[in-house]
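Worksheet for the structure shown next.
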Amino acid sequence: MSPRRLVAIMRKEILHIVRDPRNLFLVTVSPAFLLVLLSYVFSFEVQQFNLAVLDLDRTSLSRGYQASLTSIQDLDLAYTVDSYEEIDPLLLEGMADVALVIPPGFAAKVRGGQEAQVQAIIDGTDPFAGSQAINILTSLSAAFVAGAGSEGPAMARQPVSVLTKAWYNPGLLSLHGMVPGLLAIVLIMPTLALALALTREKETGTLEGLMATPVLGAEYLVGKLAAYIVTGLVSALLALLVAVLWFGVPFRGSLGLYLLLAADYFLACMAAVAVVANFVKSQQTAMFIVLLIFIVPSFFLAGLITPVSTGSLFSMLTSYVLPSTHFVEISRVVFLKGLGLGPMLQPALILLGMGLGALALGLFSFRKKVG
Amino acid sequence: MFVRIRNVILKELIQFARDRLLTAFILLAPVLQLILMAQTVERGITEQPLAILDLDRSRLSRQLIVDLDNSDELQLQFYVDDYERIRGLLDRGDARLAVVIPAGFAEKLLAVRPAAPQQVQVQVVTDGTNTMAASVTTSAAANVLSRLSSDLADASGVVVPELIDFRTNIRFNPTMDVRDYTVPAQLGFIIYQVTLAVAALGLARERELGTMEQLMVTPLRPFELTLGKGLPAIAIGGLNFGVMWVISLTVFGTPMKGSALLLAALSLLFITTQVGWGLVLSAISRTQQQAILFVFIQAMVDMTFSGFLVSVKNMPEILQTIAQFVPLRHYLAILRSVMLKGAGLEELWPNAAALLILGVVMWLLGLRAVARQLD
């Protein structure tokens, strides 16, 4: 491998990226652009539920109960219905998430110190939202009873108090958790650009021209990878600036470490794509592979929204094979925990292993084709 | 006319079959993806690693630890001796949640009977980097603690009747099965990607490889070319839907409460709409690369507004309005309602009408763009 030819290939690639505005956008600006788009959407914290109430009691107490439920933002009294039959269509159409039935004699029973049954009908299609709605209703009802119903000392009924602290993200702001995680997804775009560049050379026939030059297969591949990693780092820096300056996400770690690990991440993704591109004839197929193997699964499996499932070996393996799983972790540690390399050594080494392994495989399979 | 459309379709199918890897990818990858993702998301947030610092070491504190370990969301993995260790476990992400039981916990709670027990504070520390996991695990711990609290209050003789007996009745998905919720959504997502991507490259590829000029000199009219390009994509999407729908029902046991015919018809409508949009994108792109860029940005926007990852109804009005223009959003609502709720056209007509209108508009736009290309 000659350094001179390697540099020449790198120069050619960087020139290709810089000269073509679309490619330049794809490699450098698109991650920052997508980050803005996705972060806005993932930052809505308030989960509001539409409540339908069937009040068969119609007393001041039952109205007070309704008012106490809707006093906070989580529940929105969207419908007041008159019969049980009206509830079903509302839930079916998704107009209401929760329906509450207050039985006749509710006030009389509560005032008399008896137990009154209240029924909550919940749309369980989304289990996360459903259980959250149950929690909210239960705690609000308990608070109402404590306020209006009994005279017992409140402390006596809750002798154990809970003090919750969320480290690294004290307000549990989902924006601060999501933006570093989303970085792992948007930084797949430079990899997509590389996949397209590798297959385009085949599709348009310029690869044959290169094969006629003294450039070795290894030089071609390494030069190309290096060029995309370097320009990819520009995109990582831009995305970081957007996260910090635009969204105000705290950046507690070191910039150098972040860039180093981003390069590590690019290496893992790009080397894998380089191997695949050996067997791919068209840009169309290359795009499918990046979309179906890297991007879409990353939303679900990389621990972005729910943590990586450790329930079965199979699901753990699928998650850990994805490079983005490791970078979601790295990025959150660098941004929010601000620690050194120590806690990130494992994901960093896994990414490095993936990258070097794929690179070796890529060099091996590529040389054969050139020769 | 029909002969010409048939010929374009034939040409498309031959080209498609020639790229073996692409064929395999489009037909098999979606199925694989569905199986993979459904396997993995099946369980939701469960068995998150828990660290305990028990400064009390009493029977009551041990009982509390067992209760915490027994909750679905938590699993006791670390039993530490000092507060500093907790920092290390959370830093490395080894533990998601730490509970600190203070010294004198049992003594204060059990001591003075039958008078009201003294209040003690239990500290719950969580790793806030994943906010969803943080709130699920802290509320699980809080639930265990409040149950312990009421048990103690009962035992201490402060009898407080539960004045409101709260009964919950969960409709449509009574066991709150996460898989039943996610599989229909995954199904929708996967059909979406495949159809859009197949359609979006059709014309851009002809243009880039120079074969568009050859098409121009044939007597093909714009709508014949559009239909000839669109129909194979619709067929591929329909085939994908059929296979994955059967897999969802048989392998994953997803309920199918509504009418299969209605679902098939509305799925076809969605696929047609999506293919129309893909044709527009491919007609306005100069190169495949540009079309791909469009598809990616489009896909991100659509995933965002689909209502699966983030709930649309919590977004500001303006974004909710934008979401109405996203076919995927309507289709996911349809899939979920028909499969899980057994909804019919009476409930779903707004979504169906939206898909129809969007579809007609997109095909008209596509037709215009193709006509401009052929000139």
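The values are calculated or read from the model by the stated rules, or taken from the named source; none is laboratory data. Nothing here was measured: the structure is a model prediction, and the numbers come from that model. Because the Cβ atoms are built from the backbone with ideal geometry, glycine has one as well, and the counts that use them run over all protein chains shown. In case anyone asks, the SASA skips ligands and DNA or RNA and just uses the protein heavy atoms, side chains included. Shrake-Rupley method; radii C 1.70, N 1.55, O 1.52, S 1.80 Å.
A few remarks follow.
- Filtered residue count, region A:66-85, keeping only those that are part of a helix (DSSP H, G or I) and within 38 Å of the chain's Cα centre (by Cα): 4
- In region A:243-259 there is at least one residue matching the filter, namely being closer than 20 Å to A:L336 by Cβ and β-branched (V, I, T).
- Total residues in region B:202-224 satisfying the condition of being farther than 16 Å from B:I14 by Cβ and either within 37 Å of the chain's Cα centre (by Cα) or aromatic (F, W, Y) (or both): the figure is 6.
- Residues (touching a Leu at 6+ places or on another chain (Cβ under 7 Å) and more than 7 Å from chain B (Cβ to nearest Cβ)) located in region A:112-136: A:I136
- Residue within region B:148-168 that is within 23 Å of A:A133 (Cα to Cα), modelled with pLDDT of 75 or more, within 26 Å of the chain's Cα centre (by Cα) and not hydrophobic (A, V, I, L, M, F, W, C) present: no
- Of the set (1) crowded, with 23+ Cβ neighbours inside 10 Å; (2) within 8 Å of chain B (Cβ to nearest Cβ); (3) of a type in the set (A, V, I, L, M); (4) touching a Phe, Trp or Tyr at 6+ places or on another chain (Cβ under 8 Å), all apply to A:M270 but (2).
- Given (1) closer than 25 Å to B:G202 by Cβ; (2) open to solvent by 10 Å² or more (accessible area, probe 1.4 Å); (3) within 11 Å of chain A (Cβ to nearest Cβ), index of the condition B:S306 fails: (2)
This table checks each residue for (1) within 21 Å of the chain's Cα centre (by Cα); (2) touching a residue at least 24 places away in the same chain (Cβ under 8 Å); (3) in a helix (DSSP H, G or I).
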{"site": "A:A272", "(1), (2), (3)": "no, yes, yes"}
{"site": "A:V290", "(1), (2), (3)": "yes, yes, yes"}
{"site": "A:G303", "(1), (2), (3)": "yes, yes, no"}
{"site": "A:H326", "(1), (2), (3)": "yes, yes, yes"}
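- Sole exception among (1) buried (at least 17 other Cβ atoms within 10 Å of the Cβ); (2) touching a Leu at 6+ places or on another chain (Cβ under 6 Å); (3) farther than 30 Å from A:A120 by Cα; (4) not hydroxyl-bearing (S, T, Y) for B:Q186, by number: (3)
- Residue that is under 18 Å from B:T304 (Cβ atoms) and open to solvent by less than 10 Å² (accessible area, probe 1.4 Å), where the choices are B:A333, B:A323, B:A343: B:A323
- Counted as qualifying within region B:229-337 are the helices (runs of 4 or more DSSP H) with 1 or more residues that are under 25 Å from A:D126 (Cα atoms) and modelled with pLDDT under 90, namely B:288-305, B:317-323, B:327-336.
- Note on region A:277-302: among residues that are in contact with a Ser or Thr (Cβ under 9 Å, 6 or more places away or on another chain) and more than 7 Å from every other protein chain (Cβ to nearest Cβ), the one that is surrounded by the fewest Cβ atoms within 10 Å (Cβ to Cβ) is A:N278.
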